[in-house]
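These notes concern the structure reproduced below.
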Amino acid sequence: MPLLPGAEPFRRDGGEVGVLVCHGFTGSPQSVRPWAEYLADRGLTVALPLLPGHGTRWQDMQITTWQDWYAEVDRELRALTERCSKVFVCGLSMGGALALRLAAKHGEAISGVAVVNPANKLHDAAAPLLPVLRYLVRTTKGVVSDIAKPGAQEVGYERVPLHAADSLRRFFGRVDSELPGVTQPLLVMTSPQDHVVPAADSERILARVSSTDVRQTLLERSYHVATLDHDAEQIFRDTFAFIARLAPEAADAAQEGTAASGGA
C-alpha cells in the first residue's frame, strides 16, 4: 500500500546521543519530522518510525492495536540503545504516551523524556461505549490538522476506525497506571488552546510521574499539532536545550557540526 506524502519514517545516524521521536494516533512522521530533523541537524542520532497501520489508509489501522504501535517504538528504542551511549524519547499526543510508557518500562536506559501535548485519556462522552460501539459503527470523523498557523497541514487519516480507538482507550488506561514508574527528567510542552487533547492531560501526567527534574512550557500560539504550528521553533530549541543539559556531549556534537558547516 503506497504511503501518504511525507509519511515515510526518518532515520539519521549522528553522535553518541540518540533520540526516538514518536508520532500520534492516525498521524504520521510528517507531523513531527521537522522536530526530528532539527535534532538530527545538531548531530544527534535520530529515529522516527512509522507506526503500524498509519500513513497509508484508515482501513490498515482497523487491524492494528496499541500493542502493535508500542512494539514498533520499543524495537526502535532497543536499536538506539545499542548504538548510542544516551537515549532520549520524544512524542506528540499519543506519541507522548508511547514515550512515557517506554520511560516507565526501560528505566535508566532512557536519559530523559520530552513530550508535546501528551494524551492521557479519551475525553469523548462515547469513549466508555467503544467496546460495544466498535461492532456497530466502523469509523468516526478524524482529528487531523488542529493547527493555528495558516496553510500548515497534517498528513493523517480523515476517518478513525473505532476498533483502533477502543484500543487507544485501553492503552491510555495502561499508561496512566504506569506513570509513577516514570523517574527520568521530563519536559512537558502544552498548548492551552489544544482542541484535541486538553491541557488537563498534561497536568495529570505531571501529577502522577515520579520524576523530580520536571519542566513545563506553554505553547500559547499553537493548537494540538504544535510541532507544525507557530511555536514549533520553541519546541525544537527547548528540546535540544533539555537534551544538551542532560547530555553535554550533544552540545559538543552540535558545535562540531556548526564549525564544519562554517568551514565548508
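The values are calculated or read from the model by the stated rules, or taken from the named source; none is laboratory data. Predicted model only: the values in this text are computed from it and were never measured. Every residue, glycine among them, receives a Cβ derived from its backbone with ideal geometry; neighbour counts consider all protein chains shown.
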Original post:
Out of (1) assigned to a helix (DSSP H, G or I); (2) of a type outside the set (Val, Ile, Thr); (3) more than 16 Å from the chain's Cα centre (by Cα); (4) more than 20 Å from GLU37 (Cβ to Cβ), the odd one out for ALA244 is which?
Top reply: (4)
Original post:
What residue, of THR140, THR81, is of a type outside the set (A, V, I, L, M, F, W, C), without any contact (Cβ under 8 Å) to a residue 60 or more places away in the chain and outside any loop (DSSP other than H, G, I, E, B)?
Top reply: THR140
Subject >> Sole residue being modelled with pLDDT under 95 and buried (at least 23 other Cβ atoms within 10 Å of the Cβ), chosen from MET94, MET61 >> reply: MET61
Original post:
From the residues in region 111-165 that are β-branched (Val, Ile, Thr) and out of contact with any strand residue (DSSP E or B) (no Cβ under 9 Å at 6 or more places or on another chain), which one is farthest from TRP35 (Cα to Cα)?
Top reply: VAL132
**OP:** Give region 26-50 a look and list any residue that's touching a strand residue (DSSP E or B) at 6+ places or on another chain (Cβ under 8 Å) and not small (Gly, Ala, Ser), or say none.
**Re:** THR26, PRO29, VAL32, ARG33, TRP35, GLU37, LEU39, LEU44, THR45, VAL46, LEU48, PRO49
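Every residue, every condition in (1) farther than 30 Å from GLY151 by Cβ; (2) without any contact (Cβ under 8 Å) to a residue 12 or more places away in the chain; (3) over 12 Å from the mean Cα position of the chain (by Cα); (4) in a loop (DSSP other than H, G, I, E, B), yes or no:
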| position | (1), (2), (3), (4) |
| --- | --- |
| TRP35 | no, no, no, no |
| VAL46 | no, no, yes, no |
| THR56 | no, no, yes, yes |
| ASP74 | yes, no, yes, no |
| ALA97 | no, no, no, no |
| LEU100 | yes, no, no, no |
